[in-house]
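One structure is given here, and the rest of the page talks about it.
The values are calculated or read from the model by the stated rules, or taken from the named source; none is laboratory data. Just so it is clear, the model here is predicted, and its values are computed rather than measured. We place every Cβ from the backbone using ideal geometry, glycine too, and count neighbours over all the protein chains shown.
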Amino acid sequence: MTTIEVNDETIRQTRELRDEFQKFLREYEFGMREVETKISILRDEFLHDHSYNPIEHVKSRLKTPDSIVEKIARKGIAEPYFEQIRQNITDIAGVRVTCSFVADVYLLFDLLTQQDDITVRAVKDYIAHPKDNGYKSLHVIIDVPVFLSTGPLLVPVEVQFRTIAMDFWASLEHKIYYKFSNQVPSHIVESLTDAAEAASELDIRMERLHREAHGVPLRQLDPPPPAPRIVQV
């Protein structure tokens, strides 16, 4: 058995790298909190001033170090310094906003991205342009300012907007792909696509029922919400 000697300098360098990485992740955590606060303020305003809450729930997540390392390898980042990671991996911090209806998705998207301190990096509208398997969601990468003791820092955060039906479908789809290690049999893929279409139809029917119940003319449902432009990251 080979014994590897570890000197004090190696330990010091390893600790410094660990501390730098933890600091790097904290910046994303702070950016995620800023977005959560903005969404929370909008939700409270709707509840108190409009007697309606378009947000069903909000979920946040920070990529694990292992997930970041895997994505570095997939993207082929030759020199994975922190600045390179920041420029090339924009979904380290993620916030998912689940709304009641499709119209609420676009409303919340507009209210968040039109704020003065938010910069939109990219938009992928998988509601107007679903993926081949039927996946629907509205993704946006935004830069949000975080004010640290060293000064302001722009942190990229991925925000996903989707309806309850879209979220339900995406959650089950993820579990199925995990079960089959991404090698899903074709007949199950077809069933998933059919289920996505059924979920989309349910969204339309439920929004129609909601508007009927609140006395909104059905003709207002005819024109679809304006689709945000798609920009590839």
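For region 74-104, the set of residues classified as assigned to a helix (DSSP H, G or I) and either among the acidic types (D, E) or modelled with pLDDT of 95 or more (or both) consists of E83, D104, listed by residue number.
Could you please let me know if T10 is modelled with pLDDT of 85 or more, hydroxyl-bearing (S, T, Y) and exposed (fewer than 13 other Cβ atoms within 10 Å of the Cβ)? No: the conditions fail for T10. Out of S200, S171, which single residue is at pLDDT 85 or above, surrounded by fewer than 13 Cβ atoms within 10 Å (Cβ to Cβ) and either in contact with a Cys (Cβ under 8 Å, 6 or more places away or on another chain) or within 29 Å of I118 (Cβ to Cβ) (or both)? One residue alone meets the criteria, S171. Among residues of region 18-51 being under 22 Å from I68 (Cα atoms) and without any contact (Cβ under 8 Å) to a residue 24 or more places away in the chain, the one that is nearest to the chain's Cα centre (by Cα) is R33.
If you take the residues in region 49-69 that are assigned to a helix (DSSP H, G or I) and closer than 22 Å to S100 by Cβ, which one is modelled with the highest pLDDT?
Among those that are assigned to a helix (DSSP H, G or I) and closer than 22 Å to S100 by Cβ, it is D49.
If you go through region 187-207 and pick out every residue that is within 14 Å of Y177 (Cβ to Cβ) and either touching a residue at least 12 places away in the same chain (Cβ under 8 Å) or outside any helix (DSSP H, G or I) (or both), you end up with 6.
Taking the listed residues P185, P217, the one that is over 16 Å from I164 (Cβ atoms) and either modelled with pLDDT under 80 or of a type in the set (S, T, N, Q) (or both) is P217, with no other qualifying.
Condition check: in contact with a Gly (Cβ under 9 Å, 6 or more places away or on another chain), over 26 Å from A196 (Cβ atoms) and not basic (K, R). Does D143 satisfy that? Before the answer, list the steps.
Details: in contact with a Gly (Cβ under 9 Å, 6 or more places away or on another chain): yes; over 26 Å from A196 (Cβ atoms): yes; not basic (K, R): yes.
In short, yes.
State whether one or more residues within region 92-111 are surrounded by fewer than 17 Cβ atoms within 10 Å (Cβ to Cβ) and among the aliphatic types (A, V, I, L, M). Yes, the conditions are met somewhere in region 92-111. Taking region 14-71 as the range and being among the hydrophobic types (A, V, I, L, M, F, W, C) and within 25 Å of I164 (Cβ to Cβ) as the test, the residues that pass are M32, V35, I39, I41, L42, F46, L47, I55, V58, L62. Scanning region 178-197 for residues that are closer than 30 Å to M32 by Cα and out of contact with any helix residue (DSSP H, G or I) (no Cβ under 9 Å at 6 or more places or on another chain) yields Y178, K179, S181, N182. Has region 27-48 got at least one residue that is assigned to a helix (DSSP H, G or I), at pLDDT below 90 and either surrounded by 11 or more Cβ atoms within 10 Å (Cβ to Cβ) or out of contact with any Pro (no Cβ under 8 Å at 6 or more places or on another chain) (or both)? Scanning region 27-48, I find at least one residue that is assigned to a helix (DSSP H, G or I), at pLDDT below 90 and either surrounded by 11 or more Cβ atoms within 10 Å (Cβ to Cβ) or out of contact with any Pro (no Cβ under 8 Å at 6 or more places or on another chain) (or both), so the answer is yes.
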